Amino acid sequence: MVNKNRMNRVAAAMAAAALMSVAVPAATAHAAAVTPRVDLKVLVVDDGGSSVEAITAELRDTGVPFTRVDLGSPTRPVINAAFLSDTVDGRPRAKYQGVVLPNENPFGAGSAEMTALSAYETTYGIRQVDAYTWAHPGVGLEYTDNGGFSGSLDGTPATVTAAGKAGPFAYLGGQVTFEDNSPLVPESYGFMGKPRAGYTSYLDAPVGSGRASLVGEYTHDGRSELVVTFGYNQHQQQFRLLARGIVEWLTQGVHLGQSRNYFAVHVDDVFAPDARWNKELNCTPGDYACAGGEGKESTIRMTAADAQYAAQWQTSKNFKLDLLFNAGAGEEWKAENGGVDALTDRLVADRAKYRWMNHTYTHPFLGCVQDTTTVPWTCTKNAQGAINWMSRAEISAQIRDNNNWAASKGIVTDRTELVTGEHSGLKTAPQQPQDNPNLAGALADNGVKWAGSDNSREPAQRAVGAALTVPRHPMNVYYNTGTNAEMADEYNWIYTSRADGGSGICEDNPATSTCLPAPLDVNTGYLNTIVPAEARTALRHVLANDPRPHYVHQSNLAEDRTLYPVLNQVLDTYRSLYATSAPIVNQSMKDTGLELTRRTAWDKALAAGQVTAYKIGKDVTVKAPAGVLAPITAPNGTKKQLLLGTTDFGAAYAGNLSGWTGPALLQSAVTLRLPS
C-alpha cells in the first residue's frame with residue numbers, strides 16, 4: 001500500500017524548496033514613501049471548482065466587484081506585477097484588495113505567477129483566501145495523521161473558536177454543523193489538521209480527544225492566508241454561515257456591497273375562504289379542473305381563535321406577518337353566514353399588530369377572460385379573434401374598493417403595494433404570455449408602484465408600466481389544505497410514482513422534481529418530512545442575502561395551523577446560529593422592491609465599468625453614475641464626509657456598518673473616513 005501522507009510530505013517539501021529558491025521582491029522605496037491606493041475590487045483565480053464558485057457567488061450576490069481569471073482559458077491574462085499593480089497620479093496602486101485562489105498555489109511549484117502574487121500581497125498588505133486545500137505544513141497545519149482527520153464531514157458539529165468570535169465570524173452564535181440531509185448521499189468531504197506556528201484556527205471540530213481546524217488564518221513571510229480545508233458549494237448551510245466572514249476577512253472589513261439576512265412572510269387570501277383538497281378525487285373541488293368534484297366543494301377559513309393565536313405567535317417570536325386581504329370576499333362570506341364574522345372582528349381589533357397589503361377586493365382573475373371548459377384553461381376571444389381582457393375600470397375598482405374598505409376599518413395600508421390574486425393580470429405562461437394591457441393603467445390609477453409576482457415564474461424584477469414587480473417565493477405549504485394529513489396526502493400525490501399511487505408528475509418531469517422512494521405516512525409525514533425540507537429551503541433563502549418575501553395562504557393559519565411548524569423551525573434555527581448583532585430583517589414589500597431596484601442599478605454600473613472605488617490610508621472614495629447609490633460596508637466608527645464636517649455612515653449589522661449611499665450635497669463622489 002502506498003503511504004499517501006509520506007508522498008504528500010515529499011511533494012510539500014519540494015514545493016516549499018522551489019518557492020524559497022525564488023527571491024520575493026521587496027516593496028519599492030517609492031511605495032514605502034507614499035501611501036498606496038488600493039482599489040476596492042477582488043481578484044478571483046478560478047479553477048472551475050465549486051468552492052471558488054461559491055465565493056464568487058457571494059461576491060456577486062452582495063455587490064462586491066471582482067475580476068475573474070479562468071485558469072483553464074488559453075487566452076487568460078498572465079498574473080504578473082503589471083497585472084496586479086501600477087501607478088496612478090504618481091501614487092502606487094494595488095488593483096485588487098484581496099485575492100481568492102482555488103488553493104495555496106494553483107500555478108505549480110516555482111511558478112512566476114505565484115511569486116508575483118506573493119510579492120504583491122507582501123508589498124500592499126493584501127490578503128488571500130485558499131478556497132479549498134488539504135491539511136499540511138504548507139498552510140500551517142499538521143498532516144491529518146498527526147491528530148487530524150480526512151473523510152466525510154456530514155453532520156460534523158464544528159464550532160467557531162474564541163479567535164473566530166473575536167475576529168471575522170463574530171456575527172455567528174458559535175455552532176456550524178455540516179449538513180447531512182440524506183444518509184444515502186455523501187455531501188461534504190474535507191480535512192482537519194492541528195495548527196502549527198503562525199496558524200490561528202477560526203473554526204474547529206472534535207477529533208478523538210482533541211480538536212482540529214477546518215478554517216483558520218495562516219500568517220507567514222509577511223502574508224496572510226485564510227485556509228479552508230473542506231469542499232463546499234454555494235448552497236450548503238456551512239458555507240452560507242461562513243460566507244460573510246470570508247469576505248470580511250478578505251477585504252479587511254472595507255468593501256463595496258452589503259449583505260443582510262431577510263425573511264418576510266405574506267399570508268394571502270385573508271378574509272376569503274380557500275378551496276379544500278379532496279383525497280379521494282386527488283384534486284380540489286370548486287377550484288379549476290376537478291373531475292367529479294361538483295357538489296363536493298369544501299372550504300378552509302380562519303376562525304377568530306386562529307386570529308388570536310396568530311397575534312400571540314407574532315409576539316412570542318418577535319416576527320410580524322404581512323396580511324394580504326380580500327375584504328369583498330370576506331363581506332360575501334359574512335352575508336352567506338348570517339351576517340356575523342368573528343374572524344374579521346378579531347383581525348380588525350388587532351389591526352395594529354400586522355402589516356396589511358391589498359390583495360384586491362374579491363380576488364378575481366385580472367388577466368384575460370378564461371375559458372375553464374378546456375384543460376388547461378384558455379383565453380377567450382371576441383368575434384375579431386382578439387383576446388378578451390378584464391377592463392382597466394374593473395381592475396381599478398378591485399384595487400380601490402379594497403383600499404377604501406381598509407380605510408373605513410382603520411387598517412393602515414401602503415397604497416403603493418399590491419399583490420393581485422394568483423398574481424393575475426401579469427403574464428401567465430403558456431396560456432397568457434403577456435400582461436393584461438389594461439393592468440399598467442389600473443395600477444397607475446391607484447398609485448401602485450410595487451406589484452407582487454411569483455418568483456418561481458419570474459425571478460427578475462421588471463416594469464409593469466410605471467410599477468415594478470417584487471418576486472415572491474412560494475412556500476411548499478399548500479393553499480388547499482388545512483390539516484397535516486391533507487398536506488401529506490397531496491404531497492404524496494404530487495411526489496410519488498404511479499406505481500405507488502401517485503400522479504407520476506415527478507416521473508414525467510425528473511429535471512424539476514424527484515419522486516419519493518415511498519409514500520409518506522399521512523399521519524406523520526408532514527411534520528417529520530415536509531416541514532424540515534421546507535424550513536431548510538426557506539432558511540437557504542434567508543442566508544443568501546435574498547430579500548424576496550415568501551408567501552402562503554390564510555388556510556395555513558387555520559385548523560391544524562400547518563404554517564407555524566415551518567416558521568418556528570426557520571426562526572428558531574436562525575436564532576441559534578446567529579448572534580444578536582445579525583437579526584433577521586423583516587421588511588415590507590416596498591422596501592424589498594427598492595432594494596432590488598438599487599441592486600439592479602448597481603450591478604448594471606459595475607458591468608459597464610462605471611464604478612471607481614479605492615482606499616488611501618483611512619479614506620475611502622467611491623464614484624458611480626449619477627443617481628446610482630453605492631452599497632458600502634465599513635467598520636464601526638466610519639463617518640461620511642460632507643462639504644463641511646462629517647455625519648454617521650450606514651446602519652449597524654453583523655458587527656459593522658453598511659448601507660446604500662450617494663455623494664453628499666455639492667459632491668461628485670462618496671468619501672468615507674475610516675476609524676483610526
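No value in this document is a laboratory result; all are computed from the given coordinates. From a predicted model like this one, the values you see are computed outputs, not experimental measurements. Glycine also receives a Cβ, built like all others from the backbone with ideal geometry; neighbour counts cover every protein chain displayed.
Can you work out the Karplus-derived ³J(HN,Hα) for every residue in segment 465-478? Use 6.51 cos²θ - 1.76 cosθ + 1.60 with θ = phi - 60°, whole Hz, and x for glycine or proline.
Whole-Hz 3J(HN,Hα) from phi for segment 465-478: x, 8, 8, 10, 7, 10, x, 10, 7, x, 8, 7, 10, 6.
Identify, among VAL552, GLY617, GLN587, the residue whose Cα sits farthest towards the positive end of the charge dipole of segment 532-676, taking +1 on the Cβ of Lys and Arg and -1 on the Cβ of Asp and Glu, with the dipole about the Cα centre.
The residue sitting farthest along the positive end of the dipole is GLY617.
Find how much the distance from ALA197 to GLU458 grows on full extension, using 0.36 nm per residue of separation minus their present alpha carbon separation; answer in nm with one decimal. Walk me through the intermediate numbers first.
Working: separation 261, 0.36 × 261 = 93.96 nm, distance 5.20 nm.
This chain segment gains 88.8 nm when fully extended.
If you put +1 on each Lys and Arg Cβ and -1 on each Asp and Glu Cβ, how big is the dipole of segment 464-520 around its Cα centre, in Debye rounded to 20? Working shown, then result.
On the way: 2 positive and 6 negative charges, 49 e Å.
Dipole size: approximately 240 debye.
Rounded to the nearest 20 debye, what is the charge dipole size of the chain about its Cα centre when +1 sits on each Lys and Arg Cβ and -1 on each Asp and Glu Cβ? If you can, show how the numbers build up before the last one.
Values: 57 positive and 66 negative charges, 539 e Å.
I would put it at about 2600 debye.
Quick one: order SER85, SER576, SER150 by neighbouring beta-carbon count within 10 Å, fewest to most.
Numbers: SER85 23, SER576 10, SER150 19.
With the fewest neighbours first, SER85, SER576, SER150 line up as SER576, SER150, SER85.
What FRET efficiency do you get for LYS604 and ASN80 if R0 is 30 Å and r is their Cβ-Cβ distance, rounded to the nearest 0.05?
Plugging the Cβ-Cβ distance into 1/(1 + (r/R0)^6) gives 0.45.
Quick check for you: which residues of segment 294-320 have the amide N under 18 Å from the point 7 Å beyond the Cα of VAL348 toward its beta carbon?
Only 302-308 fall inside the zone, counting backbone N under 18 Å.
Between ALA289, ALA158, GLY339, whose Cα lies farthest towards the positive end of the dipole of the chain when Lys and Arg beta carbons carry +1 and Asp and Glu beta carbons carry -1, centred on the Cα centre?
In the chain, that residue is ALA158.
Could you work out the relative contact order of the chain, using alpha carbon pairs under 8 angstrom and six or more residues apart, expressed as a whole percent?
12 percent
Could I have the simple spin-label model distance between ASP145 and ALA383, label points 7 Å from Cα toward Cβ, reported in nm to one decimal?
If labels sit at ASP145 and ALA383, their model points lie 9.1 nm apart.
Using amide H atoms built 1.01 Å from N in the peptide plane, name the residues 5+ places from GLY452, or on other chains, whose amide H lies under 5 Å from its own.
Here LEU418, VAL419, THR420, VAL470 satisfy the definition.
Do me a favour and compute the ellipsoid semi-axes for segment 4-252 from its Cα gyration tensor, root of five times each eigenvalue, largest one first, whole Å.
Working: eigenvalues 182, 84, 60 Å².
Taking √(5λ) for each Cα gyration eigenvalue gives 30, 21, 17 Å.
How much net charge surrounds VAL38 when only the other residues with a Cβ under 10 Å from the Cβ of VAL38 are counted, with Lys and Arg +1 and Asp and Glu -1? Write down the numbers at each step before the final one.
Values: positive: ARG37, LYS41, ARG93, LYS95, LYS615; negative: ASP39.
Taking every other residue near VAL38 into account, the sum is +4.
How many nm separate the modelled label positions at LYS334 and ASP591, each set 7 Å beyond the Cα in the direction of the Cβ?
3.1 nm
What is the distance in Å between the Cα centroid of segment 631-646 and that of segment 422-494?
40 Å
Using the basic label-point model (7 angstrom from Cα toward the beta carbon), what is the ALA162 to GLN312 distance in nanometres?
In this crude label model, ALA162 to GLN312 measures out at 4.4 nm.
I'd like the antiparallel share, as a percent to the nearest 5, of DSSP beta bridges with both residues in the chain. Walk me through the intermediate numbers first.
Numbers: 68 of 108 bridges.
Rounded to the nearest five, the antiparallel share is 65 percent.
What list do you get for TYR218, TYR578 if you sort them by fewest beta carbons within 10 Å?
TYR578, TYR218
Given 37 °C and 0.692 mPa s, compute D for the chain with the Stokes-Einstein relation, Rh being the Kirkwood radius over Cα pairs; round to the nearest whole µm²/s.
Details: Rh = 28.1 Å.
Once the numbers are plugged in, D ends up at 117 µm²/s.
With Cβ to Cβ distances under 13 Å as the rule, what net charge do the other residues near VAL265 carry (K, R +1; D, E -1)? All intermediate terms of the calculation are to be shown ahead of the outcome.
Details: positive: LYS317, LYS320, ARG355, ARG472, ARG548; negative: ASP268, ASP322, GLU534.
Surrounding charge for VAL265 is +2.
Hey, what's the Kirkwood Rh for segment 240-316 if you take every pair of different alpha carbons, in angstrom?
Values: mean 1/r = 0.0575 Å⁻¹.
Mean inverse Cα-Cα distance, inverted, gives 17.4 Å.
First measure r as the distance between the Cβ atoms of PHE107 and SER152, then evaluate 1/(1 + (r/R0)^6) with R0 = 30 Å and state the FRET efficiency to the nearest 0.05.
Numbers: r = 30 Å, r/R0 = 0.99.
It comes to 0.50.
Taking 0.36 nm per residue of sequence separation and subtracting the Cα-Cα distance, how much length would be gained by fully extending the chain between GLN667 and ALA291, in nm to one decimal? Don't skip to the end; give the middle numbers.
Values: separation 376, 0.36 × 376 = 135.36 nm, distance 6.71 nm.
Result: 128.7 nm gained on full extension.
Mind checking the dipole of segment 269-345: about its Cα centre, +1 per Lys or Arg Cβ, -1 per Asp or Glu Cβ, Debye to the nearest 20?
Details: 7 positive and 13 negative charges, 72 e Å.
Around 340 debye, computed over segment 269-345.
Can you sort VAL34, VAL270 by how many other beta carbons sit within 10 Å, fewest first?
Values: VAL34 14, VAL270 29.
So the residues, fewest neighbours to most, are VAL34, VAL270.
Taking Cα pairs under 8 Å and at least six residues apart, what relative contact order does segment 596-676 come out at, in percent? Write out the running numbers ahead of the final one.
Details: 147 pairs, mean separation 25.1, N = 81.
After rounding, I find 31 percent.
Debye calculation, C-alpha points only, no solvent: report log10 I(q)/I(0) for segment 296-426 at q = 0.09, 0.11, 0.18 Å⁻¹, in the same order as the q values.
After summing over all Cα pairs, the log10 values are -0.34, -0.49, -1.07.
What net charge do the residues around ALA466 carry, taking every other residue with its C-beta under 15 Å from that of ALA466, with Lys and Arg at +1 and Asp and Glu at -1? Provide the component values of the computation, followed by the final result.
Values: positive: ARG392, ARG415, LYS449, ARG462, LYS590; negative: GLU417, ASP435, ASP445.
Here the charged neighbours net out to +2.
Can you find, among MET192, VAL42, SER576, the residue sitting farthest towards the positive end of the charge dipole of the chain, where Lys and Arg contribute +1 and Asp and Glu -1 at Cβ?
Farthest towards the positive end: VAL42.
To the nearest 0.05, what FRET efficiency results for ALA651 and VAL34 with a Förster distance of 25 Å applied to their C-beta separation?
Numbers: r = 34 Å, r/R0 = 1.38.
So, using R0 = 25 Å, E works out to roughly 0.15.
Taking amide H atoms as placed 1.01 Å from N in the peptide plane, list the residues 5 or more away in sequence, or in a different chain, whose amide H sits under 5 Å from that of VAL100.
The list, which skips near neighbours in sequence, is LEU43, VAL44, VAL45, VAL129.
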